[in-house]
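**Student:** Here it is, the structure in full.
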Amino acid sequence: MDLFEYQARDLFAKHGVPVLAGEVIDTPEAAREATERLGGKSVVKAQVKVGGRGKAGGVKLAANPDEAVARATDILGMDIKGHTVHKVMIAELSPEIEAEYYVSYLLDRTNRTFLAMASVQGGMDIEEVAEKTPEALAKVPVNAVEGVNIEKAREIVAQAKFPAEVAEGVAEAMVTLWDTFVAEDALLVEVNPLVKTKDGRILALDGKVSLDENADFRQPDHEALEDKAAANPLEAAAKAKNLNYVKLDGEVGIIGNGAGLVMSTLDVVAYAGENHGGVKPANFLDIGGGASAEVMANGLEIILGDSDVKSVFVNVFGGITACDEVANGIVQALELLASKGEKVEKPLVVRLDGNNAELGRKILSDANHPLVQRVDTMDGAADKAAELAAAK
């Protein structure tokens with residue numbers, strides 16, 4: 001889960017990363033009041049989960065409360081790389097800046113470790129620095145057990161060649177940034193820029209945080225950070241049911257057990273769709289290796305509630321997930337929807353193979369639901385699902 005800048009700032013402050021004061025607002029008039037509380041001057045910053053706000057005109061200085069209102073009026077509603085600005089942060093104006101730096105921690109999946117990154121060339125163009133002068137961006141592996149204490153932070157700072165006069169202050173900020181990373185179960189914490197002010201302070205002026213949603217069970221406070229207004233309602237409903245679901249731009253709903261099988265199913269449906277008007281998969285939904293009938297019912301309820309879906313392909317290879325459980329789930333889901341008064345008009349193509357496949361097929365045959373079709377091969381089922389979607 002990616003956070004807005006103001007949320008990242010709040011987490012930084014919570015864990016001792018040096019930040020300036022700020023308030024998030026959603027009306028121009030509120031910008032006046034917030035600027036007055038900050039002493040009469042402020043920075044008005046668009047809150048969108050995308051980079052390049054400054055270049056797009058989403059970050060403006062306000063010399064007085066009236067100007068803050070004007071700036072907020074201009075920025076609220078602005079489109080920045082496809083993201084509409086609904087909120088702005090009214091931030092305290094920084095003291096005069098002498099230098100801008102970059103620091104971050106992230107999960108390095110390739111090398112199965114954590115990685116610290118730091119550069120004395122911070123600011124808006126850090127991506128360009130990383131591409132054109134990679135030697136200017138220090139990359140230091142971090143042992144997950146040992147973490148980052150002041151000695152490790154000094155090592156990171158030394159590799160990035162920070163000037164001696166700021167080295168200790170940056171190292172201290174790196175320690176508190178690591179504390180944020182660990183305590184909040186983050187996948188990324190980034191400060192860009194981390195600045196040195198004329199009066200000698202080290203401050204985090206902008207930041208990014210991405211949280212690991214798999215850790216939500218031990219982070220109850222993180223639910224309040226979700227951007228529910230922007231969330232896809234189907235994905236939100238699936239998350240509430242603990243389903244691994246991603247909405248896609250297509251017409252064939254997909255349910256499978258195991259991420260590998262589901263990914264393969266997306267491919268075969270896309271390939272089959274080329275012969276049926278270009279229909280595509282409508283979603284990714286993995287019901288897991290030990291899914292119950294209830295999980296299957298929940299998954300079908302989500303997919304059948306998607307207005308873009310014209311047909312559904314249930315592709316299960318029974319292992320831990322027995323095929324009779326899946327078949328019962330399909331029957332229960334259809335009964336559940338009918339009991340709610342919802343019309344089920346989308347055809348289901350079901351392919352069952354593996355553990356208890358024959359029993360699962362018998363359950364479906366005995367139920368004799370007019371919308372359920374059994375096809376026993378993966379390619380054949382994908383073709384039938386694509387054909388049915390194209391006919392709708």
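Since every read-out is calculated from the coordinates, none of them should be taken as a lab result. Bear in mind that the values here come from a model prediction, so they are computed numbers and not experimental data. FYI the Cβ positions are ideal-geometry reconstructions off the backbone, even for glycines, and counts take in every protein chain you see.
**Student:** Going by how many other Cβ atoms sit within 10 Å of their own, how do 42, 119 line up, fewest first? Before the final figure, lay out each step's value.
**Tutor:** Values: 42 31, 119 26.
Fewest-to-most Cβ neighbours within 10 Å comes out as 119, 42.
**Student:** Decide, for segment 220-275, between rounded, prolate and oblate: order the square roots of the alpha carbon gyration tensor eigenvalues as a ≥ b ≥ c, take rounded if a/c falls under 1.5, and otherwise choose prolate if a/b is larger than b/c, else oblate.
**Tutor:** prolate
**Student:** Determine, for 17, 375, the number of other Cβ atoms within 10 Å of each Cβ, and report the residues in order from fewest to most. Each step should come with its number before you reach the end.
**Tutor:** Details: 17 27, 375 18.
Taking fewest neighbouring Cβ atoms as first place, the list is 375, 17.
**Student:** Working from Cα positions, state the angle (0 to 90°, nearest 10) between the long axis of helix 28-37 and the longest principal axis of the chain.
**Tutor:** It is inclined by approximately 40 degrees.
**Student:** From the gyration tensor of the Cα coordinates in the chain, what semi-axes in whole Å does the equivalent ellipsoid have, largest first, with each one equal to sqrt(5λ)?
**Tutor:** Details: eigenvalues 493, 124, 63 Å².
Semi-axis lengths for the chain are 50, 25, 18 Å.
**Student:** Provide the FRET efficiency to the nearest 0.05 for the residue 21-residue 183 pair, computing r from the beta carbons and using R0 = 22 Å.
**Tutor:** Numbers: r = 22 Å, r/R0 = 1.00.
E(calc), rounded to 0.05, equals 0.50.
**Student:** While we're here: With each label point set 7 Å from Cα along the Cα-Cβ vector, what nm distance links residue 132 and residue 64?
**Tutor:** About 4.0 nm separates the two model spin labels.
**Student:** Where does each of 351, 201, 154, 112 land when they are ranked from fewest to most other beta-carbon atoms within 10 angstrom? List each step's numbers first, then the result.
**Tutor:** Values: 351 26, 201 13, 154 18, 112 9.
Fewest-to-most Cβ neighbours within 10 Å comes out as 112, 201, 154, 351.
**Student:** Evaluate the charge dipole of the chain about its Cα centre and quote only its size in Debye, nearest 20, assuming +1 on the Cβ of each Lys and Arg and -1 on the Cβ of each Asp and Glu. Write down the numbers at each step before the final one.
**Tutor:** Values: 40 positive and 63 negative charges, 71 e Å.
Value, rounded to 20: 340 debye.
**Student:** Still on this structure, I have one more. Using Cα pairs under 8 angstrom and six or more residues apart, how large is the relative contact order of segment 108-246, in percent? Provide the component values of the computation, followed by the final result.
**Tutor:** Values: 152 pairs, mean separation 22.1, N = 139.
It comes to 16 percent, rounded to a whole number.
**Student:** Continuing with the same structure: Per-residue counts of other Cβ atoms within 10 Å, averaged by peptide: what ranking do you get for 60-69, 204-213, highest first? Display every interim value, and only then the final one.
**Tutor:** Numbers: 60-69: 18.4, 204-213: 20.8.
Listed from highest to lowest mean packing, they are 204-213, 60-69.
**Student:** Given the options 181, 375, 11, identify the residue whose Cα lies farthest towards the positive end of the charge dipole of the chain (+1 on Cβ of Lys, Arg; -1 on Cβ of Asp, Glu).
**Tutor:** 375
**Student:** If you don't mind, another one. What length, rounded to one decimal in nm, is gained on full extension from residue 379 through to residue 244, with 0.36 nm per residue of separation minus their alpha-carbon distance? If you can, show how the numbers build up before the last one.
**Tutor:** Working: separation 135, 0.36 × 135 = 48.60 nm, distance 2.37 nm.
46.2 nm is the gain from fully extending residue 379 to residue 244.
**Student:** Which of these, 25, 320, 80, has the largest mean-square fluctuation under a Gaussian network model of the chain (Cα springs below 10 Å)?
**Tutor:** 320
**Student:** Can I ask one more? How many angstrom separate the Cα center of segment 1-21 from the Cα center of segment 100-179?
**Tutor:** Value for the Cα centre distance between the two parts: 18 Å.
**Student:** Let me ask something else. Rounded to the nearest 5, what % of DSSP beta bridges with both residues in the chain are antiparallel?
**Tutor:** Working: 47 of 65 bridges.
Here the share of antiparallel DSSP bridges comes out near 70 percent.
**Student:** Compare the peptides 142-148, 179-185 by average per-residue count of other Cβ atoms within 10 angstrom and give them in order, highest first. Show your work: numbers first, answer last.
**Tutor:** Numbers: 142-148: 13.3, 179-185: 18.4.
The most tightly packed comes first, giving 179-185, 142-148.
**Student:** So how strong a dipole does segment 1-149 carry about its Cα centre when Lys and Arg Cβ are +1 and Asp and Glu Cβ are -1, to the nearest 20 debye? Could the numbers behind the result be given before it?
**Tutor:** Details: 17 positive and 23 negative charges, 73 e Å.
So the magnitude is around 340 debye.
**Student:** Among 58, 88, 43, whose Cα projects farthest towards the positive end of the dipole of segment 21-93, with charges put on the beta-carbon of Lys, Arg (+1) and Asp, Glu (-1)?
**Tutor:** Ranked along the dipole, the leading option is 58.
**Student:** If you don't mind, there's one more thing I want to ask. Efficiency by 1/(1 + (r/R0)^6): what FRET value for residue 392 and residue 110, r their Cβ-Cβ distance, R0 = 35 Å, to the nearest 0.05? Don't jump to the answer; show the numbers that get you there.
**Tutor:** Working: r = 42 Å, r/R0 = 1.21.
That pair, residue 392 with residue 110, gives E of 0.25.
**Student:** Would you mind working out the magnitude of the charge dipole of segment 21-93 relative to its Cα centre, with +1 at each Lys and Arg C-beta and -1 at each Asp and Glu C-beta, to the nearest 20 Debye?
**Tutor:** Details: 11 positive and 10 negative charges, 85 e Å.
Value, rounded to 20: 400 debye.
**Student:** For the chain, what is the calculated [θ] at 222 nm in deg cm²/dmol (nearest 500), taking -39500 (n - 2.57) for each run of four or more DSSP H residues and dividing by its residue count? Working shown, then result.
**Tutor:** On the way: 12 runs with 145 residues, N = 392.
Mean residue ellipticity, 222 nm, calculated: -11500 deg cm²/dmol.
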